[in-house]
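To start, the structure itself, in structure tokens.
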Amino acid sequence: MKTSIIVTAYIQSRYQAHMTMTCVGNVTKFTDPEDYELILMSDSEKFPVRDDYRVLKIDKYIKTEGESYTQAMNHGAREATGDVLVFLQNDVFVHEGWLPRLLQYVEKGFDVVFPDQVPRSREYIKATYDRDPFEPESLKGGRDAGLMMITRESFDKVNGWNGELTLLAERDMYERLGAIGVNWTDTNKVQITHIMAGTNLNRLDEKPDEYNEMMTKDANILNK
């Protein structure tokens, strides 16, 4: 079962470039290369993702101008050849074993899988080690907006991401997936690190009015 990982980036500063390199670097380091292809979508890029030592596995590096977050994900999906799609924000860092552990749920018949990413205690993490992946307690993770695994069939059935939305795109996707009755689960057997809103930090810190305008626009679209 081939997996296509689609990373979306909006690199307006050096720290965002390095964050993206770390995101892709963790995928490269903790995932067997034959198990996936990686498509990096980078819009209006001011600083490139550098790979001076040629250690990052990037199968397609697509630079665009003027694509929104959702449009970039849909573009990446069109470029993808996998039966399973992983949408990965560039402020998410995966760890050892993440891909096969998520894929086992798809193999059992789930259409969509989310990992766990909210702050957890050491005791909580240790308790997850000995659980069977399909034990009820393992199917109680934190639904994460930064990483979503979905079958190509389900993605096509829901008609992809809403290209009009940006910040509230995940909420819209969850609602539409629910409406068509996909079989989804989250799991605490897979933990990720998520630097929340990393892609939009420049707007949050430097252009809050622009950020709030984006949020209002999305809310108006959803409430039509």
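Data for the structure
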| quantity | calculated |
| --- | --- |
| Part-to-part distance (alpha-carbon centres) for the range 48-68 and the range 1-23, which is given in Å | 8 Å |
| Relative contact order %, the range 1-91, counting alpha carbon pairs below 8 Å whose residues are six or more apart | 48 percent |
| Sites matching GluC sites (Glu not before Pro) across the range 25-93 that sit in DSSP coil, with at most 10 neighbouring C-beta atoms within 10 Å | Glu65 |
| Residue-wise HN-Hα coupling along the range 134-142, computed from phi with Karplus coefficients 6.51, -1.76, 1.60 (Hz; x: Gly, Pro) | 10, 5, x, 5, 6, 8, 10, x, x |
| Those trypsin sites (Lys or Arg not before Pro) in the range 1-48 that DSSP places in a loop and that have at most 16 other beta carbons within 10 Å | Lys2, Lys46 |
| GNM top mover of Gly178, Gly66, Gly25 - the chain, alpha-carbon springs below 10 Å | Gly66 |
| GluC sites (Glu not before Pro) restricted to the range 121-216 and DSSP loop, no more than 16 other C-beta within 10 Å | Glu164 |
| Choice from Leu139, Leu147, Leu85 showing the highest fluctuation, given a GNM over the chain with Cα pairs closer than 10 Å | Leu139 |
| Value of relative contact order over the range 3-222, rounded to a whole percent, pairs C-alpha under 8 Å and six or more apart | 25 percent |
| Cα-centre dipole for the chain with unit charges at Cβ (Lys and Arg positive, Asp and Glu negative), debye to 20 | 200 debye |
| Label selected from [x] 65, 31, 30; [y] 49, 45, 36; [z] 53, 41, 29, the criterion being Cα extents along the principal axes in Å as computed here | [y] |
| The range 95-212: mean projected area of Cα convex hull, nm² | 8.6 nm² |
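Throughout, read-outs are computed from the coordinates displayed, never taken from laboratory work. Bear in mind the structure is a predicted one, so any value in this text is a computation, not a measurement. Methodologically, a virtual Cβ is constructed for each residue, glycine included, from the backbone with ideal geometry; neighbour enumeration extends over all protein chains shown.
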